Each structure stands twice: as structure tokens, then as C-alpha cells.
Amino acid sequence: MTATAPTADVRRRNNVHVLGAASGSPLVFAHGFGCSQEMWRHVAPAFEADHPVVLFDHVGAGNSDLSAYQRSRYDSLHGYAEDLLQILEQLDLHDVVYVGHSVSAMIGVLAANMDPSRFRALILVCPSPRYIDDDGYSGGFTLPDIESMLDALDANYLGWSAGMAPVIMGVPQRPELGAELTESFCRTEPAIARHFARVTFLSDNRRDLAAVSVPTLVLQSADDAIAPRQVGQYVHEHIPGSTLRVMPTTGHCPNLSDPELVSAEILAYLA
Amino acid sequence: MTAESAEELYEHAPCGYLSAEISGGIVRVNQTFLDWTGYTREQLLGRSFDSLLSVGSRLFFETRFLPILRLEGEIREAALSVRRADDTVLPVLVNSILVRDDAGSPVSVRTAVFDSTKRQDYERDLLLARRASEQSEARVRVLQEASGRFGSSTSEEALAEALVSTMHDAFDARAAAVLLLEGNGDLRLRAGVHPIGMSLPRSDSGPETEALRSGMPVVVTSVDEAERKYPALARAMLDAHLEALTVAPLIQGTTPLGVVVAFFGRQRTFDSGALDLQSALGRQAAQVLQWLRLQDQLRHDAFHDSLTGLANRNLLRTRLGDVVLGARQRKTSVALVFVDLDGFKPINDTLGHAAGDQVLAEISERLREVVRREDTVGRLGGDEFVVLCEDADEATALLIAERIRESIRQPFPGVADGFLVTASIGVAVHSPESSRSMTGEGLLHEADEAMYRSKTEGKDRVTVVAV
């Protein structure tokens, strides 16, 4: 159905970094929509003493190989899940503790359903199986909400606002600096960002939850506008045997705002 | 003229200012921002800035704005929409910086907000115009490229492959399949992959059948929809990790020739433009398909007898030359069986040409049945037939010729009752041991001579000559 990338290219394709200890259950961290593996900058170090730590960028994000972005492959989360499994195969990882933030939580669910044998546990940080409300399901958003998100993306990526902003705001002394920094950490290409946003926010993975056979921890942020409490609850209720932990955090990115807390929750779950 | 106080500069600056705790709560806001948004200071203190944003902006803020601010320490020129107290929307451009304590830990966020209403309206128009033009440009490009790909296809398979790759490119399809109608009404996979199995197209109620019947694209946007319309399909979609599919008919004029199916790994909707594009691709492919088939037909007609479908004189001449040359190079023997009917003319004269044609067609069938699979049966014209046998020595050729003789003298019930047709047969066999240098024309001439001997020696017999 989808071409398999030559394994030698997988590390480069996904900008894979392997850090930490030589033995122990490997922790594989996956970032969500909008940024890159930098999202785990403050979380990953807590595990490096006792575990191998693997960081990577999804194709299209960070310093991944943009030329590997085939729209038909990445038109659903399955393409990303296949990439993840290829990384695990390439690095010959078993007993993997997979930590996926936001959309990568569902990518992990899909990958673990395709090949549960490689996983020891799934840690789903702020997961949502579906963002749009449906009959009997409250995802937190309507279709027009998601469309306006795509508008917001376009307004920010297409360059007119950015191009004209210095004129409106008064030209800063170093107008390109911010852009350069953004380039290095959260680099993205507008067309890819738009497509990834569609795939992220228009996917429906509710059916995949029941098939999860890997021990799963749901880490919910107490006040998260993107993945609200009831969504985390839904994920917990539909993944058999899963554990739900609600962290007293605000926002959708506790890995940035409260990294110590996130690390502590993961460590406690693994203990 | 008095010097403005710092307080005055802050409160009535030409942009909005906000300061917030790192956890989000606004601790200070200037009058300009209050004037622009209609909130009171009390309403805003303690609230987070992102809670003031419209939903789309908030999604962007949480997934992109905040990570960049946290990681880089600042973000500039972000385009966001603030919801005012009266629920109207204020488009703004935003700069934020992260303030750190001496230890480097972030403690607060300072934000400057610029009203970009005019620009945003203008940009919004530009954006919509640009999207519309990009989309129509992309669709025209798809059609143009498809037209090139289809046009350069020299076989049905190549055309089907070109259509499959067009579906991948134009619609981001995870998989695509081209199925063409067979003579018996079945759909057969000709290119691509059909991940949900070939058992489905045969059902009378599948989306493929519906597309063929209606002549319009059929869309299944989700598994839920499939469950309502095509329950068997829904199960197969789930098993194959598919969430949506489209089926566009390949229609030439009003004749359906097949379908192209595109499969998607997530729920998808398609606007009328996308469906029009699928229809157009289906028509374009069908047109080329029809043309390829016409060409095949013409090519076939040029080398085959229209009544019997056997090789005609043109094809025989070419084959004969090739086979004789090949036999010489490989040092194998080759035989040509020349068949001339006896007693055929009375059928034509008595029962008419239609009955005569039926007898000729029936004889062609009998010839096909009694020869070996690799032999070439041809009709030279009238009641003359030949059979070209590669790798056949005298004994084999004689066997084949006798089978032919026997098959022809069988009656033609219901077509020419009471008439006996027999065959005068001449066989020319050229073996590698022969000292003669033989050509195709030469072999035909020798077989013709041998046939003539059978004819003069009493008909209904076989004469074999080694040449």
C-alpha cells in the first residue's frame, strides 16, 4: 500500500537522536503538531541516566528530511505510525516506553496496534482521538473551529502578516533573528504545516482505542483547551486497563510548562 | 507642553500591552488594550491571554505560539484574533517575550498587541483569492498532466497505471485502483492496489456498482457512512485501516468502461470541484482507453479474417517467413498444412452465402480444436485454410493433417444437413536434414502442390512431401 523507506535513510529522514544509557527500557519521545523534538528538551534528560532515550522529528517537522514528505503517505496518521515502527526496527528497539504528545499520542496508539510486540508501555500526553464534536462525543471543537485554525495558520505562514509586521510595529533592530531561531527549532514549511494540521485535527481514531493491548498511561492536563478533561477521560475509558493521571497543569504543553511534573509522572508509572 | 509620565506612555501607548504570570494569569494591562477590546481591567486580571482568543487562534496559540515562546524566549508578528467583550473579533499582530529570573527560569510574559483590522481584512480577501486561484490552478495542472500521461500510454495497463498515480498525486490517496469491465460484466483490477479485496466489486450494491450505474462519482466519507450504505464494505474498511474512499466511473459517451477507486486513511470530504475533477479524469481516461481499444481492433482487423477470426494472408505471410527462418537457425523442422475444401461450393449455391459462411466459421472452430496449441491457423481466402506447425516432423504433421481431415468430414447439423464436406490436404515438411534452402513462400508453394495432388487423386486425403 505504501512504499517502505530504505532503512538506512530512516535516521536521516526523521532526524533521529539516540541519547542516554546503553541499557534499560528505551524511551521514545514523539512531538505533536506545531513544533519538533525540542518539545521534549526539558523532559528527556530526566531519563538519560537509566534509559536509552530516542528523539525524532516527524517528516515535515524540525530537521526532518522534507523531501521525504509524500502527501499521500502522510494524509493519515498511519503514515506517521509506519515511520515510528520503522524507527523502532532500524534501532532494533524492544520493550519500548513510547511517550507521545498531542497528535503523537494517537500515532503511538496506531503503531502499537500494528505491532504491540515492541512496546512495554504507551504514555499518552494530552491525547485526543477526535477534536471535533460528534453525536454523544464532546471533542471540544466544531468543524468551523478547525477551519478557522487553518485560517490562522495561513495568516501566520503565508507571509503577508509577517512581511508587513515590522512596518506596523516599527522595524526592530534585528528583524531576522526571531525568524532564524524559529527556523532552527520549530521549522516548518507552510504547505506541510497546513496538511499536517488537517490530518491532525480532522482525524477520528476513537475506534482504535479499544484495540490497544499495551499498558497505557494517560497524562491529562487539568486545564487544557485543546484536549479537555472529558477527552482524556474518554481515552482512559476506551483503552482497556489504562491509567489516567490528571496533572495540575494549565495548557496543552505540560512538557514545556511543567517538565519536572511530567517526568515524575512517567517515572512513577514505570516504577 | 509637559513631559509625559511613564505611566501615561504605558497606559495610552499606540498598542496594547499585557503582562502575565508564567502560568498565564494577566497581572497588568494597559488602557489601550481595554479601549480596543471593551473589557474592564477587573475582567482581565487573573485571566489568561489565550482565553481571550477566538477558537482557531487559540488552537494556533497552544500548538505553535506557546512552544516557540517557551523554546526561543520570544515570538514575533503572530497573527491572532482576540474576541472583544461584545463578542466581535479584533484581528491583532502580537509580539511576546519571556522574562526570566536570575537563575534563567521563566517568570512572566510581556505581550504587545497591534490592531491589524484593516490589514487582516485585506489579507483575508487576498488569502481567499489566493486559495481559490491555487486550487483551480492545481486542478488545471492535474488535468493537463493527466492528459499528457494518458496520451503517452500505449497499453491499457499503462493507462491504468497513469490514472492510479494521478489519483495519488491529485487527491493524496493512500491507495488507488483501476478496475475495468470485462466482457462478462465483472470488474477486473488492472492497476494499483485494491486493499479491501476483490470480493466486493461483484456485489450489486457496492459503491463501484453504484458509480457504474449512476455515471457519477460515489463518495464514502467515513466508516460510519459505509456502515449505513454498504455494511460489508465498512467491515473491510476497518480491517484495512481505511476511513474513506471515492469511486469515479470511466465513461466514454454513455458507455461505462470501468472505475477508478481512491482510498484514504482518514475521514475525507470532497467539494464539488474535487468531484468534478474526478469525473473529468474518469472521462479523459475512458476516452484514451476507447482509442487504445480502437487501435487494437484496427491492428487485429488488419491481420485477421473478419469472418472466422483466423490469421489472414498478411499475417500468415509474415509468420511463415519468421517461422521458416527460425527453424533454419534453430535446426528444427517445420510443416505447413494446406487445406482445400471439397463439396463446399454446392452449399453456397444451394443454401446461400449465409449458410456457407456458417460452415466456414464452424470449420475454423474445428481446426482450432484439433491443432496443437502453438500452431497457427489461417484462412487464405475462399475455402482455403493453412496450418503452420513449428517443430513438427513428418509423423507429427501427418497426425495433425489426419485429425483435420477427420474433423472436416463430420456433418453440420442444422446448418447444412445432408451435405458432405471433405478436405484435400497437402503437407510440406522441411527438416534440418534437407539440402534445400527453404523460404516461407517456397513452403507454401510446396504444400499447395501436395494439396493439388490429393485433390486429383480422389479428394478427402492427405499428401505429405518432404522438402
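The values are calculated or read from the model by the stated rules, or taken from the named source; none is laboratory data. These numbers were taken from a predicted model, which means no experiment stands behind them. As a convention, Cβ positions derive from the backbone with ideal geometry for all residues, glycine included, and neighbour counts pool all protein chains shown.
Across the range A:215-227, the number of residues qualifying as more than 10 Å from chain B (Cβ to nearest Cβ) and surrounded by fewer than 22 Cβ atoms within 10 Å (Cβ to Cβ) comes to 2. All conditions but one from (1) within 14 Å of chain A (Cβ to nearest Cβ); (2) in contact with a Lys or Arg (Cβ under 8 Å, 6 or more places away or on another chain) apply to B:GLU134; the one that does not is (2). Report yes if some residue within the range B:330-353 is surrounded by 17 or more Cβ atoms within 10 Å (Cβ to Cβ), acidic (Asp, Glu) and in the same structural domain as B:VAL462 (by TED's automatic domain parsing); otherwise report no. Checking the range B:330-353: at least one residue is surrounded by 17 or more Cβ atoms within 10 Å (Cβ to Cβ), acidic (Asp, Glu) and in the same structural domain as B:VAL462 (by TED's automatic domain parsing). The set of residues in the range B:256-293 being among the polar types (S, T, N, Q) and without any contact (Cβ under 8 Å) to a residue 24 or more places away in the chain consists of B:SER272 alone. The condition (being assigned to a helix (DSSP H, G or I), outside the structural domain of B:LEU18 (by TED's automatic domain parsing), within 29 Å of B:ALA13 (Cα to Cα) and not β-branched (Val, Ile, Thr)) is satisfied by just one residue among B:GLU145, B:GLU123, B:GLU157: B:GLU123. Please indicate, with yes or no, whether at least one residue in the range B:392-400 is in contact with a Gly (Cβ under 6 Å, 6 or more places away or on another chain) and modelled with pLDDT of 95 or more. Within the range B:392-400, none of the residues are in contact with a Gly (Cβ under 6 Å, 6 or more places away or on another chain) and modelled with pLDDT of 95 or more. Looking only at the range A:35-47, decide whether some residue is touching an Asp or Glu at 6+ places or on another chain (Cβ under 9 Å) and either surrounded by fewer than 18 Cβ atoms within 10 Å (Cβ to Cβ) or among the hydroxyl-bearing types (Ser, Thr, Tyr) (or both). Yes, the conditions are met somewhere in the range A:35-47.
Residues checked against (1) over 16 Å from the mean Cα position of the chain (by Cα); (2) over 29 Å from A:ARG71 (Cβ atoms); (3) at pLDDT 90 or above:
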{"site": "B:ALA175", "(1), (2), (3)": "no, no, yes"}
{"site": "B:LEU181", "(1), (2), (3)": "no, yes, yes"}
{"site": "B:ASN184", "(1), (2), (3)": "yes, yes, no"}
{"site": "B:LEU187", "(1), (2), (3)": "no, no, no"}
{"site": "B:GLY192", "(1), (2), (3)": "no, no, yes"}
{"site": "B:ARG202", "(1), (2), (3)": "yes, yes, no"}
{"site": "B:ARG213", "(1), (2), (3)": "yes, yes, yes"}
{"site": "B:PRO217", "(1), (2), (3)": "no, no, yes"}
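For every residue, the table says whether it meets (1) at pLDDT below 90; (2) more than 20 Å from B:ASP383 (Cβ to Cβ); (3) surrounded by 15 or more Cβ atoms within 10 Å (Cβ to Cβ).
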residue: B:ALA285; (1), (2), (3): no, yes, yes
residue: B:LEU289; (1), (2), (3): no, yes, yes
residue: B:LEU292; (1), (2), (3): no, yes, yes
residue: B:ASP296; (1), (2), (3): yes, yes, no
residue: B:HIS300; (1), (2), (3): yes, yes, no
residue: B:HIS304; (1), (2), (3): no, no, yes
residue: B:LEU310; (1), (2), (3): no, no, yes
residue: B:ARG319; (1), (2), (3): no, yes, yes
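Going through (1) touching a strand residue (DSSP E or B) at 6+ places or on another chain (Cβ under 8 Å); (2) modelled with pLDDT of 95 or more one by one, A:HIS252 falls short only on (2). Scanning the range B:243-280 for residues that are farther than 30 Å from A:ASN205 by Cβ and crowded, with 24+ Cβ neighbours inside 10 Å yields B:PRO249, B:LEU250, B:GLY258.
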